[in-house]
Amino acid sequence: MDDRETQHLGTTAPDLARAAELLRQGGLVAFPTETVYGLGADARQGRAVADLFAAKGRPAFNPLIVHLADMADAAQYADLSDDAARLAQAFWPGALTLVLPLARDHGLSELVTAGLATVGLRVPAHPVARALLAAFGGPLAGPSANPSGRISPTTAQHVLAGLSGRIDAVIDAGPCPVGVESTVVGFDGETPILLRPGGVPLDPLEAALGRRFSSWDDGRAISAPGQLRSHYAPRVRVRLNAEAPEPGEVYLGFGSGTGDLNLSPSGDLSEAAARLFACLHQLDALGRPIAVAPIPETGLGQAINDRLRRAAAPRT
Ligand code: TXA
Ligand code: MG
């Protein structure tokens, strides 16, 4: 498996042309988005998508997000209800993934959707992601570019630490500005469902539709195969809502106060989200258990706490 030479690409036009060529040949290219780095493969090539699952060690029942250059491309792959179109209008390009019924003749590999009748679509906002999608000119399957179950990557160095030798290239555009993955929204009939909290907080989503969302664990019929309890896991143990570290622990602070690292000394949730995975990567490397300060459950705090709860969950 570890037999690929992983090219470290920049963001110039020739670099992106090279990346697009690798993708057309069925290769695997990690690319920046505003949320986290994604691992791209041509979503229409079954062989490329199979390689992608293998490189990540991802269970094949967990479907992939398909990244598109433009909202106008979405109708080729999925049927958009009025509410879905309204959310797409309001939040694309951006940190929102919509899970929608597959269109007829969508042309995507069945592996992408894990055999479901739905597909997750996202139009990212990061200028380098958009330039790559334009150069490639097709749908890009893109899970986070980390080994399955491990901490998501927010720098090219994180990508290489997890996947070097397993992928063909990484496009290095520096750290990701949002830092947590996209918000995933699906529909159970007419009811909007929050399948994963993420970079777009719930309040503006509910405001855009003028109604409340349900949660995926409300006994809904909709499938949420990605919601494995243990996920985003460091190798070491993680303890949440800790006012202070216990002996032997390293402390990840938030707001004023001390800590080995601090997500945001000023208590800013956007800054905390942007730094979350880099801090976890850094503390994980120390090999000592991690205690994390309490984080408010408002706005982006919902996505941060979701990732922290998974990091702290018993390993499956
Ligand atoms: O920000 C992000 O979303 C990043 C960047 C690269 O776009 N991608 C990402 O992908 O986080 P991944 O594969 O790590 O997470 C995608 C989530 C998973 O929980 C998956 O189960 C869910 O989206 N998902 C994708 N398609 C789905 C579908 N058809 N039905 C239900 N859930 C779906
Ligand atoms: Mg992931």
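The values are calculated or read from the model by the stated rules, or taken from the named source; none is laboratory data. Just so we're clear, the structure is a prediction, and the values are computed from it rather than from any experiment. Positions of Cβ are generated from backbone atoms using ideal geometry, with glycine treated the same way; all protein chains shown enter the neighbour counts. Heads up: the accessible areas ignore ligands, DNA and RNA and are worked out on the full protein's heavy atoms, side chains in. Shrake-Rupley method; radii C 1.70, N 1.55, O 1.52, S 1.80 Å.
Kindly establish whether residue 104 is closer than 20 Å to residue 186 by Cα, in contact with a helix residue (DSSP H, G or I) (Cβ under 9 Å, 6 or more places away or on another chain) and not in a strand (DSSP E or B). Explain how you work it out, then say what you get.
Numbers: closer than 20 Å to residue 186 by Cα: yes; in contact with a helix residue (DSSP H, G or I) (Cβ under 9 Å, 6 or more places away or on another chain): no; not in a strand (DSSP E or B): yes.
In short, no.
Does residue 148 qualify as being within 16 Å of ligand 2 (Cβ to nearest atom), open to solvent by 40 Å² or more (accessible area, probe 1.4 Å) and of a type outside the set (A, V, I, L, M, F, W, C)?
Yes, satisfied.
State which residue is nearest to ligand 1 (Cβ to nearest atom) when the search covers only region 33-51 and only residues that are closer than 22 Å to residue 126 by Cα and either assigned by TED's automatic domain parsing to the domain that holds residue 303 or out of contact with any Cys (no Cβ under 7 Å at 6 or more places or on another chain) (or both). Quick ask: steps written out before the conclusion?
Taking region 33-51 and keeping what is closer than 22 Å to residue 126 by Cα, we get 33-43.
Okay, now just the ones that are also either assigned by TED's automatic domain parsing to the domain that holds residue 303 or out of contact with any Cys (no Cβ under 7 Å at 6 or more places or on another chain) (or both), so 38-43.
Values: 38: 3, 39: 8, 40: 8, 41: 12, 42: 15, 43: 11 Å.
Of everything passing the filter in region 33-51, 38 is nearest to ligand 1 (Cβ to nearest atom).
Would you point out the residue of region 88-99, among those that are under 16 Å from residue 207 (Cα atoms) and touching a residue at least 24 places away in the same chain (Cβ under 8 Å), that is surrounded by the most Cβ atoms within 10 Å (Cβ to Cβ)? If you could, list the steps in order and put the result at the bottom.
Residues of region 88-99 under 16 Å from residue 207 (Cα atoms): 88-92, 96.
With touching a residue at least 24 places away in the same chain (Cβ under 8 Å) added as a condition, the list becomes 88, 90-92, 96.
On the way: 88: 20, 90: 15, 91: 23, 92: 20, 96: 25.
Result: 96.
Which of the residues spanning region 166-206 are of a type in the set (Gly, Ala, Ser) and more than 16 Å from ligand 2 (Cβ to nearest atom)?
Selection gives 169, 173, 174, 186, 189.
Mind checking which residues of region 283-316 are assigned to a loop (DSSP other than H, G, I, E, B) and of a type in the set (Asp, Glu)?
297
Looking at region 152-175, which of its residues are among the hydrophobic types (A, V, I, L, M, F, W, C) and open to solvent by less than 10 Å² (accessible area, probe 1.4 Å)?
Within region 152-175, 156, 159, 163, 167, 169, 170, 171 qualify.
May I ask you to list the residues in region 40-58 that are within 15 Å of ligand 2 (Cβ to nearest atom) and more than 28 Å from residue 104 (Cβ to Cβ)?
Narrowing region 40-58 to residues within 15 Å of ligand 2 (Cβ to nearest atom): 40-41, 52-53, 55-58.
Listed by number, the residues that qualify are 55, 56, 57.
Go through region 1-24 and count every residue that is assigned to a loop (DSSP other than H, G, I, E, B), at pLDDT 95 or above and farther than 20 Å from residue 143 by Cβ.
4
Within the set of pairs 6+ apart or on separate chains, which have a first residue in region 75-87 that is basic (Lys, Arg), a second that is assigned to a helix (DSSP H, G or I), and C-beta atoms under 9 Å apart?
Between residues of region 75-87 that are basic (Lys, Arg) and residues that are assigned to a helix (DSSP H, G or I), the close pairs are 86/208; 86/209.
Please go through region 93-146 and pick out each residue that is among the charged types (D, E, K, R) and more than 25 Å from residue 15 (Cα to Cα). Spell out the reasoning first.
Residues of region 93-146 that are among the charged types (D, E, K, R), as a first pass: 104-105, 110, 122, 130.
104, 105, 110 - these are the residues of region 93-146 that are among the charged types (D, E, K, R) and more than 25 Å from residue 15 (Cα to Cα).
If I filter region 115-135 down to residues being of a type in the set (A, V, I, L, M, F, W, C) and open to solvent by less than 10 Å² (accessible area, probe 1.4 Å), which single residue comes out as nearest to ligand 1 (Cβ to nearest atom)?
For region 115-135, the residue satisfying everything is 119.
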